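All remarks here apply to the structure that follows.
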Amino acid sequence: MTLPLFTVLLFFGSLTAGLLGALTGLGGGVVLVPLLTVFFHVDIRYAIGVSLISVIATSSGAAAAYVREGLSSVRIGMFLEVATTLGAIVGAYLATVVHTQWLAIIFGLVLIYSAFVSWQQRNEAAAVEMTGHSRWSDKLELSGSYPGRDGKPCRYEVENIPGGFGLMFVAGTLSGLLGIGSGAVKVLAMDRVMKVPFKVSTTTSNFMIGVTAAASAGIYLHRGLVAPGLAFPVMLGVLAGSLLGARYLVRARTAVLRGVFTLVVLALGVEMIVSGVKKWF
């Protein structure tokens, strides 16, 4: 494969990753790591380093649009970033002692579990109706509202804040370890544990993943695991895709987003496990 063709294919693959990342809150890295390792045969550690850089681009491209539309909760995002940033630093150091085969298998297992839990989720309306009162939510002022498809504000209450905070530390650790931005775990933590509506969860996840990725990307950069020749076309593609996704998400149906989220995560999870197991033979 010639270098120009490689760059063009990498750009369009990254554009797709950024689009899916913006629509589902996954951050694009969850698509990029399998794309780089399976299709372009990039070493997984370098793929993780480039993925973390692209996650920052995804967050920068989509987060501003979501905040402007009133979908992201800046207060929830900033509070939970304390846990994810600490976890990201821990995960980046763990990545140096974990074998690449196990990185791929752990990656795949996390994705399959995320897809399974997402498939079991209630619809958005039910989640809003079933949310209850939380004194921690009142003290931290984390509850709020977001614009519905008809333009009317939809109110929600945040629950189980300690549980969500703890799971966010796990999400940050996975981000530093696997370079995926941990958007899947973040969305599930907010959506399932904290009872934040799905659209708010995905957009707030996009707001958060850039900070989480930046905490661990610096460590990968220091170790020389970020290749500029890969990072440049990937960043451009992911940024373009994230901006397109941000435009569409406001009008998208929650059920469609859940379906895309589940199918993409499940397929990539199986693919990464197969890739990791093959390396043992």
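The values are calculated or read from the model by the stated rules, or taken from the named source; none is laboratory data. None of the values given here were measured: they were computed from a predicted structure. Every residue, glycine among them, receives a Cβ derived from its backbone with ideal geometry; neighbour counts consider all protein chains shown.
If you filter segment 91-108 down to residues that are assigned to a helix (DSSP H, G or I) and among the hydroxyl-bearing types (S, T, Y), you find that the one that is surrounded by the most Cβ atoms within 10 Å (Cβ to Cβ) is T100.
Output the residue which, of all residues in segment 17-57 that are hydroxyl-bearing (S, T, Y) and over 15 Å from Y248 (Cα atoms), is modelled with the lowest pLDDT. Spell out the reasoning first.
Start the filter on segment 17-57 by keeping residues that are hydroxyl-bearing (S, T, Y), which leaves 24, 37, 46, 51, 54.
When the remaining residues are screened for being over 15 Å from Y248 (Cα atoms), the result is 37, 46, 51, 54.
On the way: T37: 81, Y46: 84, S51: 80, S54: 76.
Among those that are hydroxyl-bearing (S, T, Y) and over 15 Å from Y248 (Cα atoms), it is S54.
In segment 137-196, of all residues being of a type in the set (K, R), modelled with pLDDT under 80 and not in a loop (DSSP other than H, G, I, E, B), the one that is surrounded by the fewest Cβ atoms within 10 Å (Cβ to Cβ) corresponds to K139. Take E124 and decide whether it is modelled with pLDDT under 70, loosely packed, with under 14 Cβ neighbours inside 10 Å and at negative phi. No; evaluated as a whole, the condition is false for this residue.
Given the residues A83, A88, which is the only one that is crowded, with 23+ Cβ neighbours inside 10 Å, at pLDDT 80 or above, among the small types (G, A, S) and within 18 Å of T173 (Cβ to Cβ)?
Working: A83 fails: crowded, with 23+ Cβ neighbours inside 10 Å.
Unique residue meeting the criteria: A88.
For V226, the test of being modelled with pLDDT of 80 or more, β-branched (V, I, T) and under 24 Å from F11 (Cβ atoms) is passed.
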